[in-house]
């Protein structure tokens with residue numbers, strides 16, 4: 001299974017995503033015990049930094065990922081010729097993690113969204129707000145326990161937050177019955 005992550009450019013998120021990558025690639029059996037797996041099957045995590053050139057949907061398609069993860073609706077401004085969301089055309093499951101609230105790209109959530117999209121808010125209040133304002137989001141859930149700000153400035157919190165992200169990946173893989 002190939003997981004493609006478009007990471008934010010903050011040093012904190014780079015550390016957390018690197019830790020998540022290590023966990024998923026090192027011991028997939030620990031994260032997916034309910035899914036029968038071939039012992040030799042591996043999870044490959046490829047991380048793209050969003051600070052460079054803009055990553056387009058064709059770039060993501062060429063990567064042939066089974067699962068695509070982005071943060072704070074990065075890339076949602078890309079549209080199709082008919083003004084739809086370009087991510088709707090991706091041939092993979094998608095996890096969109098919202099670390100902040102009141103994102104400028106939030107307006108795109110009012111458009112038609114693919115059933116392959118899973119949205120997770122790190123702030124439960126923001127998740128409630130989004131559910132009320134955009135009731136047609138196909139899957140929206142609040143993640144519990146994300147450490148931010150002052151409480152996130154340690155290796156322990158990086159590990160804790162990476163574990164939350166691994167749990168999100170595990171949940172989506174189990175829901176979709178993807179085989180790692």
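The values are calculated or read from the model by the stated rules, or taken from the named source; none is laboratory data. The structure displayed is predicted, hence computed values, not measured ones. Positions of Cβ are generated from backbone atoms using ideal geometry, with glycine treated the same way; all protein chains shown enter the neighbour counts.
In the stretch 63-87, the qualifying residues are those that are part of a helix (DSSP H, G or I) and over 15 Å from the mean Cα position of the chain (by Cα), and the one that is surrounded by the fewest Cβ atoms within 10 Å (Cβ to Cβ) is 63.
Look at the stretch 56-83: where a residue is at positive phi and a partner is surrounded by fewer than 18 Cβ atoms within 10 Å (Cβ to Cβ) and part of a helix (DSSP H, G or I), sitting 6+ places away or on another chain with Cβ atoms under 7 Å, you get 73/105. When the residues of the stretch 22-54 are filtered to those that are modelled with pLDDT of 60 or more, part of a loop (DSSP other than H, G, I, E, B) and farther than 22 Å from residue 71 by Cα, the one that is farthest from the chain's Cα centre (by Cα) is 41. Please work out if residue 53 is farther than 25 Å from residue 161 by Cβ and without any contact (Cβ under 8 Å) to a residue 60 or more places away in the chain. Yes. Tell me which of these residue 119 doesn't satisfy, since it passes every other one: (1) surrounded by 15 or more Cβ atoms within 10 Å (Cβ to Cβ); (2) in contact with a strand residue (DSSP E or B) (Cβ under 6 Å, 6 or more places away or on another chain); (3) more than 21 Å from residue 169 (Cβ to Cβ). With (1) surrounded by 15 or more Cβ atoms within 10 Å (Cβ to Cβ); (2) in contact with a strand residue (DSSP E or B) (Cβ under 6 Å, 6 or more places away or on another chain); (3) more than 21 Å from residue 169 (Cβ to Cβ) applied to residue 119, the lone miss is (3). One residue stands out among those in the stretch 130-156 that are in a helix (DSSP H, G or I) and modelled with pLDDT under 90: the one that is surrounded by the most Cβ atoms within 10 Å (Cβ to Cβ), which is 152.
Look at (1) at pLDDT 95 or above; (2) part of a helix (DSSP H, G or I) and you find that residue 96 fails only one, number (2). When restricted to residues that are over 24 Å from residue 178 (Cα atoms) and under 16 Å from the mean Cα position of the chain (by Cα), the stretch 88-102 contains 3.
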